[in-house]
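Here the structure comes first, spelled out in structure tokens, and everything after it is commentary.
The values are calculated or read from the model by the stated rules, or taken from the named source; none is laboratory data. None of the values given here were measured: they were computed from a predicted structure. Glycine also receives a Cβ, built like all others from the backbone with ideal geometry; neighbour counts cover every protein chain displayed.
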């Protein structure tokens with residue numbers, strides 16, 4: 001972990017009026033999470049929520065599997081989170097199979113980059129879709145990655161297309177648990 005790491009908790013609960021309103025929770029593969037009506041995004045390590053149905057924790061940090069040039073390319077076009085018009089969001093907790101983690105790092109990088117073209121696919125949907133990736137595996141969490149997306153409601157079809165393209169890649173053959181949680185900013 002570096003000094004630039006940011007810890008974030010995604011807290012699922014049924015507290016009226018608090019956090020993002022959960023519109024749907026779809027289990028794509030693996031076991032589901034308990035259904036909730038709200039999701040709060042809490043920055044920092046103080047996330048003791050005894051009334052929560054579940055808490056998923058992650059941290060930002062140095063990106064994996066992409067080159068510095070690819071990272072700079074994405075950063076140059078990536079919109080910020082919390083844009084006023086981006087009132088729709090999605091949280092995708094993802095866990096990869098033991099087979100993925102058994103591969104050498106160079107092979108995981110090849111699958112992510114050359115075979116699956118993750119960055120070029122994602123780049124086509126920026127700036128309509130903003131995202132932030134959180135790493136959870138090293139924290140002992142039930143998912144390896146938590147990806148947070150924000151977009152305007154009229155960009156929901158583009159977001160769905162992005163997901164379809166990514167799920168059709170070689171990389172996604174290694175996903176053994178994925179939940180698609182769709183949200184609307186509570187006003």
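Quick notes on this structure:
- Some residue of segment 96-103 being within 16 Å of the chain's Cα centre (by Cα), in a strand (DSSP E or B) and in contact (Cβ under 8 Å) with a residue 40 or more places away in the chain: yes
- Failed item in (1) surrounded by 12 or more Cβ atoms within 10 Å (Cβ to Cβ); (2) part of a loop (DSSP other than H, G, I, E, B); (3) modelled with pLDDT of 90 or more, with residue 55 passing the rest: (2)
- Scanning segment 78-122 for residues that are surrounded by fewer than 14 Cβ atoms within 10 Å (Cβ to Cβ) and farther than 28 Å from residue 25 by Cβ returns 102, 104, 105, 106, 107, 114, 115, 120.
- Selection from segment 140-157 of residues that are surrounded by 15 or more Cβ atoms within 10 Å (Cβ to Cβ) and part of a helix (DSSP H, G or I): 155, 156
- Check on residue 96, over 17 Å from residue 152 (Cα atoms) and in contact with a helix residue (DSSP H, G or I) (Cβ under 6 Å, 6 or more places away or on another chain): yes
- Selected residue (criterion: surrounded by the fewest Cβ atoms within 10 Å (Cβ to Cβ)) from residues of segment 123-133 that are touching a helix residue (DSSP H, G or I) at 6+ places or on another chain (Cβ under 7 Å) and at pLDDT below 90: 127
- Pair list, Cβ under 6 Å, 6 or more apart: segment 106-121 residue farther than 10 Å from residue 170 by Cβ, other residue at pLDDT below 85 and not in a loop (DSSP other than H, G, I, E, B): 119/70
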